[in-house]
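Asker: This is the structure, below, for whatever I ask next.
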Amino acid sequence: TTLELAPILVINLKHQNSYSYSYSDTSFQIHKELYMDRYLPENKKNIEEKWNQVEKLKIELERTSHQIDKIMKFQGKHSGTELLKGSIEHFRWKCSRAKEKGESYDDAERTLMWLMNVQERVERKFNALLEKKVDHEQNIKKIFDTQDMKKCLYRLKAVLVREGQTHWAYIWVPRDGKGDGHYTSTFDDGSWMKFHDTNVEKVYDDLVLNETVNNYHSNNTIYALIYVDHKYDHNYTNITDVIPASLKEFVNRDNRLFEDELQSQHRSQEDISESTVDIDHRTWGSDSTTYGTSDFDYLPEQARNTKSYQSIMLKRIELFGFKLGQIDVVKSLLEDYKDPSVNSLDWSEPIPLQSGYRGKAKYSAMVTAYDSFKHTTFYIMEGLEQSFQDQYKQGLGYLYQALELERSWVNDCERNGFNGTNLDRTIFINTFAKAFLKILNDGSLEKAKDPKSFPEGVENALSVLKICISFKFIRDGFLNGLTEGWVNLKKNIEEKDTYDRATFEKLSQLISSYKSSEIPYGLDIKFSFDSLLENLEPPKLIDDDSLAQRYTECLKKCKTQFKDVAQAIELI
């Protein structure tokens, strides 16, 4: 609790250092209104009682969720209801087939009826659990949703965002007040505006509250939320002008000089355009307001709206160079080699360039960097595609090689004076690597729960740990999430005493290995990540157009197969 709340609250957001693969990554929300009553000292006793109620309900909610998972995640990955449906269809087919052949199908029919009864009971139980879960969630919300907890209201007024060195803000701008006094602001009398370096534009609630949240773990990062106490949230119409006359004159003079400079540039541009080809006024598919009329003028906004892992980076060398900070080189490239015969393109298509620039010394460093960037993409793509066939270890091998190439590429960029960090895909690669490792760990844990396959489960888990160490996932908390399931298994074994002493010791050794992030000396493990890397076939190289198309399809599949990862990195 606090003695007094300030009229304006600035909430600074702390971000994870690692994009670890966990469900908690997607829980962040922005609320338009906050009730701060729970932080007031006069509510301390009441709040403690409410939190006790919340904790009890959370325990019940967790139990219910666990029961739902047992049905929906049979053996950790299959839906029990879907398995039943598949079995029922199979026995229906057997009965039908036997009937056609004139054979007896009594046993199959009895099994079918039994399965249908089981399905009915399971679905009835499942629906009851879902209703119970919803009730628990609603009851938790209702605990603080009372009139005594809705007196101290704060409203969202600004969301501050950054991408690299670029900053902007979403600000709630009320409509002008009527009369000489002031009136209370609400969310019914204004609109959200995006204040950027180059423009101001009206945006909708959905962009601020939803898309901004989806970008929370991407390069477009929220770093502060500003709320205002509703008691002080007024729109003032008569504000006393306290700006000194000298400052006013300075600003006005500076504005006039700026307007003169703009007019001079405009006249120069008109003179140039009269002696050359007409400037093409193409329409680009960007949500943001753009400025200027040449191809080069559109690049800053496009670069801000493009992620390093998007397939468009494989088709547009001018966009690639701009993000590397090679602005003058890109400008020269467009001036000297742009094909003047093509005047209308979708922004996702490359600006057509005449052949010959690749052999010029002026562009050689950027071209080499671009070719290396695309070469690494082959390894990223191969790693992701291996996962579509459940070949996660092979996928991790290719992702590891991609990571090594990416780090080397960033270092080469720095030596050439390029801003390689703008296109660094390390986080993208690591995020999928962690997703693969979590899947492998969960599979190992399921095997270990069966005494017959326990040794294989532990062996597989140690191989997962070996790969984690190779990827250097040992200091960011990722291993803690993998260890939790094994610790719980150990507790269950201690309670039931179902495993022999040697097996129990091996499990203890595994948990110790995870916690210390190292393989104990003398522990024999069959799996070798180094051998896997040595035996990987190099990705098959294809032409640039085919690469971009295949990579686009690969990302689409990833967006479907790894929904939590896709949301965490704003996969487009």
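Asker: Going by the structure shown, is Lys141 within 28 Å of Asp37 (Cβ to Cβ) and free of Cβ contacts under 8 Å to residues at least 24 places away in the same chain?
Answerer: yes
Asker: How many residues does the stretch 541-566 contain that are surrounded by fewer than 12 Cβ atoms within 10 Å (Cβ to Cβ) and in contact with a Phe, Trp or Tyr (Cβ under 8 Å, 6 or more places away or on another chain)?
Answerer: Residues meeting the conditions: 1.
Asker: Here's a check for you: in the stretch 426-455, which residue that is of a type in the set (D, E, K, R) and surrounded by fewer than 21 Cβ atoms within 10 Å (Cβ to Cβ) is nearest to Phe322 (Cα to Cα)?
Answerer: So the residue we want is Lys438.
Asker: Let me ask something else about it. If we keep just the residues of the stretch 390-425 that are among the hydroxyl-bearing types (Ser, Thr, Tyr) and modelled with pLDDT of 90 or more, which is surrounded by the most Cβ atoms within 10 Å (Cβ to Cβ)?
Answerer: The residue in question is Tyr398.
Asker: Can you tell me how many residues in the stretch 364-411 are within 16 Å of Val329 (Cβ to Cβ) and touching a Phe, Trp or Tyr at 6+ places or on another chain (Cβ under 9 Å)?
Answerer: Selection size over the stretch 364-411: 6.
Asker: So which of Gln549, Gln567 ends up being in a helix (DSSP H, G or I) and at pLDDT below 80?
Answerer: Gln567
Asker: It is to be established whether one or more residues within the stretch 259-272 are under 30 Å from Gln549 (Cα atoms), of a type in the set (Lys, Arg) and either assigned to a loop (DSSP other than H, G, I, E, B) or modelled with pLDDT under 75 (or both).
Answerer: Looking through the stretch 259-272, none of the residues is under 30 Å from Gln549 (Cα atoms), of a type in the set (Lys, Arg) and either assigned to a loop (DSSP other than H, G, I, E, B) or modelled with pLDDT under 75 (or both).
Asker: Now, a different point. So if I check each of Arg124, Arg110, which one is assigned by TED's automatic domain parsing to the domain that holds Asn52, out of contact with any helix residue (DSSP H, G or I) (no Cβ under 8 Å at 6 or more places or on another chain) and under 30 Å from His66 (Cβ atoms)?
Answerer: Arg124
Asker: Can you tell which of Arg316, Arg282 is at pLDDT below 80 and under 24 Å from Asp544 (Cβ atoms)?
Answerer: Matching residue, one of Arg316, Arg282: Arg282.
Asker: A further question on this structure: Do we find that Leu129 is assigned to a helix (DSSP H, G or I), in the same structural domain as Glu62 (by TED's automatic domain parsing), in contact (Cβ under 8 Å) with a residue 24 or more places away in the chain and over 30 Å from Lys56 (Cβ atoms) in this structure?
Answerer: Answer is no for this residue.
Asker: Name the residues in the stretch 511-540 that are at pLDDT below 85 and out of contact with any Ser or Thr (no Cβ under 9 Å at 6 or more places or on another chain), would you?
Answerer: Ser512, Ser513, Ser516, Ser517, Glu518, Tyr521, Gly522, Asp524
Asker: Is it fair to say Asp135 is assigned to a helix (DSSP H, G or I) and over 30 Å from Gln67 (Cα atoms)?
Answerer: no
Asker: Any idea which of Ile439, Ile467, Ile474 is in contact (Cβ under 8 Å) with a residue 40 or more places away in the chain, β-branched (Val, Ile, Thr), assigned by TED's automatic domain parsing to the domain that holds Asp530 and outside any helix (DSSP H, G or I)?
Answerer: Checking each option against the conditions leaves just Ile474.
Asker: Give Val251, Val208 a once-over and let me know the one that is within 18 Å of the chain's Cα centre (by Cα), part of a helix (DSSP H, G or I) and either at pLDDT below 85 or over 24 Å from Ala303 (Cα atoms) (or both).
Answerer: Val208
Asker: Further question on the same structure: Could you grab the pairs with beta carbons closer than 8 Å, sequence gap of 6+ or different chains, first residue in the stretch 543-556 and under 14 Å from Ile380 (Cα atoms), second one in a helix (DSSP H, G or I) and acidic (Asp, Glu)?
Answerer: The qualifying pairs are Cys554/Glu385.
Asker: Taking the stretch 99-124 on its own, how many of its residues are exposed (fewer than 13 other Cβ atoms within 10 Å of the Cβ) and either touching a residue at least 12 places away in the same chain (Cβ under 8 Å) or under 25 Å from Met36 (Cα atoms) (or both)?
Answerer: 0
Asker: So how many residues does the stretch 1-51 have that are among the β-branched types (Val, Ile, Thr), closer than 25 Å to Asp206 by Cβ and at pLDDT below 80?
Answerer: Residues flagged as among the β-branched types (Val, Ile, Thr), closer than 25 Å to Asp206 by Cβ and at pLDDT below 80 within the stretch 1-51 amount to 1.
Asker: Condition first: more than 14 Å from Tyr370 (Cα to Cα) and touching a strand residue (DSSP E or B) at 6+ places or on another chain (Cβ under 9 Å). Now tell me which residues in the stretch 300-332 satisfy that.
Answerer: Arg304
Asker: Of everything in the stretch 485-501, what is modelled with pLDDT under 85 and assigned to a helix (DSSP H, G or I)? Give them in sequence order.
Answerer: Lys490, Lys491, Asn492, Ile493, Glu494, Glu495, Lys496, Arg501
Asker: I'd like to verify a number: residues in the stretch 354-369 that are in contact (Cβ under 8 Å) with a residue 40 or more places away in the chain and surrounded by fewer than 20 Cβ atoms within 10 Å (Cβ to Cβ), how many?
Answerer: Residues in the stretch 354-369 being in contact (Cβ under 8 Å) with a residue 40 or more places away in the chain and surrounded by fewer than 20 Cβ atoms within 10 Å (Cβ to Cβ): 2 in total.
Asker: Could you check how many residues of the stretch 138-179 are buried (at least 16 other Cβ atoms within 10 Å of the Cβ), modelled with pLDDT under 85 and assigned to a loop (DSSP other than H, G, I, E, B)?
Answerer: So the answer is 1.
The values are calculated or read from the model by the stated rules, or taken from the named source; none is laboratory data. What you see is a predicted model, and the numbers here were worked out from it, not measured in a lab. No Cβ is skipped: glycine too gets one built from the backbone with ideal geometry, and neighbour counts run over all protein chains shown.
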